[in-house]
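The values are calculated or read from the model by the stated rules, or taken from the named source; none is laboratory data. The model shown is predicted, which means the values in this text are computed figures rather than measured ones. All Cβ positions, even for glycine, are placed from backbone atoms using ideal geometry, and neighbour counts span all protein chains on display.
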């Protein structure tokens, strides 16, 4: 372990009277060159934030189609990630304006989660109504009429033709 030194922490959460809240402790290993500057409490808080990050990754993948855009150009993919992140940020900002839109099979959740903040999925369901309510700063489109099309007698250049390439026959071994 001399190549990858780490700090091992045992986390036990207790109630106010000192009894453990969970039957088994949580063991965390902390790797990295700056691990000496972190207190056990900071490490545990960072671990708790991991839970939120995993749920965000799942939401981005399933609902905002993060991995749906596939391109060999790295710059295009980075731009797509920025767009998806901005969309997620818009959902977070719109959360106070959103209303719960429960599906018929989710009626029991309405009673349980009435006081809780809406999840990004519920905000996304109501986002169309929010956009209609906010409006747009863009002007209305101006009608431009029908395009003229090609001039009479104009001929398009024919595409160049290429020979068909066929596979050769396999030779018997």
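Can you list the helices (runs of 4 or more DSSP H) lying wholly within the stretch 50-167 that have 1 or more residues being in contact with a helix residue (DSSP H, G or I) (Cβ under 6 Å, 6 or more places away or on another chain)?
Working: elements: 74-93, 107-112, 120-125, 127-134.
Ranges flagged: 74-93, 120-125.
Could you say whether any residue in the stretch 12-25 is on the phi < 0 side of the Ramachandran plot, in contact with a strand residue (DSSP E or B) (Cβ under 8 Å, 6 or more places away or on another chain), in a helix (DSSP H, G or I) and surrounded by 10 or more Cβ atoms within 10 Å (Cβ to Cβ)?
No, the conditions are met nowhere in the stretch 12-25.
In the condition set (1) at negative phi; (2) surrounded by fewer than 10 Cβ atoms within 10 Å (Cβ to Cβ), residue 135 is compliant with all but (1). Determine whether the stretch 29-37 contains at least one residue that is in a helix (DSSP H, G or I), surrounded by 10 or more Cβ atoms within 10 Å (Cβ to Cβ), outside the structural domain of residue 118 (by TED's automatic domain parsing) and touching a helix residue (DSSP H, G or I) at 6+ places or on another chain (Cβ under 9 Å). Checked against the condition, which is being in a helix (DSSP H, G or I), surrounded by 10 or more Cβ atoms within 10 Å (Cβ to Cβ), outside the structural domain of residue 118 (by TED's automatic domain parsing) and touching a helix residue (DSSP H, G or I) at 6+ places or on another chain (Cβ under 9 Å), the stretch 29-37 yields at least one hit.
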